[in-house]
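Participant: One structure, as structure tokens, below. Some questions next.
Each value in this text was obtained by applying a stated rule to the coordinates, not by laboratory testing. These numbers were taken from a predicted model, which means no experiment stands behind them. Heads up, the Cβs are rebuilt from the backbone with ideal geometry, glycines too, and the neighbour counts pull from every protein chain shown.
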Amino acid sequence: MDAFREAIRTGRLAPGSRLPPSRVLATDLGLGRNTVVRVYSELINEGWLTALHGSGTEVSRRSSELPSGWSRPRPPAARPRWVHDLRPGFPDLSSFPRDEWVRAVKRTVTTSPFEAFGYIDPHGRGELRDAVARYLARARGVHAHADNVIVCSGAAQGLRLVAAVLVNAGVTKVAIEEFCLHTQRPALLKAGIEPVLLPVDADGADTSVLDDMPDVGAVLLTPSHQFPLGVALQSDRRAAVVDWARRRGALIIEDDYDGEFRYDRSPVGALQGLDHDRVIYMGTASKSLAPGLRLGWLVVPDRLVGPIVAEKGWAEDSVGFVNQLAMADFIDSGAYDRHIRAMRTRYRRRREQLIETVNRQSPATRIVGMSAGLQVLLEHPSRTGAELVRRATREQLAVESLDFFRNPDSTSDRDGLVVGFAAPSPSAWTGSLDALIRTLR
Ligand SMILES: Cc1ncc(COP(=O)(O)O)c(C=O)c1O
């Protein structure tokens, strides 16, 4: 397609030139005829070619008037092609439960009332809010009523909505962990909030410093499994941060991105269970199922339901009804629990293999993080995270350095490599682990 555009742009194919019939060109180029038909029709849509009455296609007589860089919006530049993928934050997409999901989608499309095919209530479908409320109460100890659940397209949209509502309420500063998901600080800045940093140590975020931050109106935490350091917020600190929020009239935003995945014991309940009036719970199907579904949920105190739903409004992108209702069906049928149980077993095994292999093949490397989630932090005795990423690139291995998740102004001297062990398909796992070992050696 680009070759055609280039040929027209440079005049090699002059305006008015007749193009060969698609069947002939397909044979000449050894392509399927459908491919050629699709290319012709896209170039006709873009204005480069004209379909002639009767039959045939010619170079548009006005093609020379098209701006030289003109074409349909392109997808973002392709990422470098990695052979091995150990990026943190990705579940094993090859294990997506396609059959059960298709059954849920089929039931949804077959049985949904006509009304479901209309515009989507920004609060989210009642069926999904009910299912999520029951699931979170059972699996995460969340104090949840369907009225307090707001469906959003991933935790990312949830955070954006919460940030906007905080700004409207006069909040100017939000405390975040000094290492966190790289998109969270920009999301707050974009909303007009100044992020201030909480140090993170072996007991999780140091919430005691909040008392010395007078203007902070909320704190964003990953209490069940700090991202990316992999520690849990210790129980005294959990109690202390709730106490701080009550005294200050502040809010806690709990990012429970992988709370289902605890391997050494049953998952510790969400912080929200301690005070549902002070904690906004943020959950997602991005780790438990697939990020491409863009399915997430907030559980918010009564007084925030109206403002957050209003902020989302009818114009905001909503999760389509098929995904919402299929997810509700998926949870209610027990398929979600089954999938999580199966993935928990698989990820636990992978984490054990990773630890065993690193201990054996690169014994000086320290493995940090509790037995949970989809990632570990590796601290190498002599190489920085940045050096390790460069070495990994030579092995065609995708990983991130800890620096990638470090917020500016962090005074921590920690360094290392953040390795996600969930992303590879079962057949790619061993090869990925080997590439990691070559990187560490
Ligand atoms: C710490 C953290 N929070 C939240 C998310 C999920 O974001 P979303 O639901 O927007 O995909 C991720 C995904 O990478 C994450 O790592």
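Participant: Would you mind counting up the charge near Leu304? Only other residues with Cβ under 13 Å from its Cβ, with Lys and Arg at +1 and Asp and Glu at -1.
Facilitator: On the way: positive: Arg278, Arg303, Lys312; negative: Asp147, Asp277, Asp302, Glu311.
Overall, the nearby charge balance is -1.
Participant: Which residues make up the longest stretch of the chain clear of chymotrypsin sites (Phe, Trp or Tyr not before Pro) that lie in a DSSP loop with no more than 13 other Cβ atoms within 10 Å, not counting the sites? Write out the running numbers ahead of the final one.
Facilitator: Numbers: sites that count: Trp70, Tyr119, Trp314.
Longest gap between qualifying sites, sites excluded: 120-313.
Participant: Another question, then. Once the Cα atoms of helix 335-361 and of the chain are each reduced to a long axis, what angle between those two axes, in degrees from 0 to 90 to the nearest 10, is obtained?
Facilitator: Around 80 degrees separate the two axes.
Participant: Assign unit charges at the C-beta atoms only (+1 for Lys and Arg, -1 for Asp and Glu), then state the dipole size of the chain relative to its Cα centre in Debye, rounded to the nearest 20.
Facilitator: The dipole of the chain has a size of about 1660 debye.
Participant: Any idea what angle helix 33-46 forms with the longest principal axis of the chain, computed on alpha-carbon atoms, 0 to 90 degrees, nearest 10?
Facilitator: Rounded to the nearest ten degrees, it is 80.
Participant: Measure off 7 Å from each Cα along the Cα-to-Cβ vector at Thr357 and Leu31, then give the distance between these two points in nanometres to one decimal.
Facilitator: 4.0 nm
Participant: Also, I was wondering about something else. Determine, from the Cβ-Cβ distance of Ser371 and Ser425 and an R0 of 22 Å, the FRET efficiency 1/(1 + (r/R0)^6), rounded to the nearest 0.05. The partial results should precede the final answer.
Facilitator: Numbers: r = 23 Å, r/R0 = 1.04.
Plugging the Cβ-Cβ distance into 1/(1 + (r/R0)^6) gives 0.45.
Participant: Could you pull out the trypsin sites (Lys or Arg not before Pro) across region 200-283 that fall in loop regions by DSSP (anything but H, G, I, E, B) with no more than 16 other Cβ atoms inside 10 Å? All intermediate terms of the calculation are to be shown ahead of the outcome.
Facilitator: Working: sites: Arg237, Arg238, Arg246, Arg247, Arg248, Arg262, Arg265, Arg278; in loops: Arg265, Arg278.
Listed in order of number, the matching sites are Arg265.
Participant: For the charge dipole of the chain, defined by +1 on Lys and Arg C-beta atoms and -1 on Asp and Glu C-beta atoms about the Cα centroid, which residue among Ala139, Ala435, Thr384 has the Cα displaced farthest towards the positive pole?
Facilitator: About the Cα centre, the residue reaching furthest to the positive side is Ala435.
Participant: If the reach is capped at under 18 angstrom between alpha carbons, list the aspartates and glutamates near Lys173, excluding any in the same chain fewer than eight residues apart.
Facilitator: Counting by Cα, and skipping residues close in sequence, Lys173 has these aspartates and glutamates nearby: Glu194, Asp206, Asp211, Asp212, Asp215, Glu254, Asp255, Asp409.
Participant: May I pose another question? Per DSSP H run of at least 4 residues, take -39500 (n - 2.57); add these up for the chain, divide by its residues and hand me the 222 nm value, nearest 500 deg cm²/dmol. Show your work: numbers first, answer last.
Facilitator: Working: 13 runs with 171 residues, N = 441.
That calculation yields -12500 deg cm²/dmol at 222 nm.
Participant: Helix 426-440 against the longest principal axis of the chain: what's the angle in degrees, Cα atoms only, rounded to the nearest 10?
Facilitator: Taking the Cα atoms of the chain, the angle to 426-440 is about 70 degrees.
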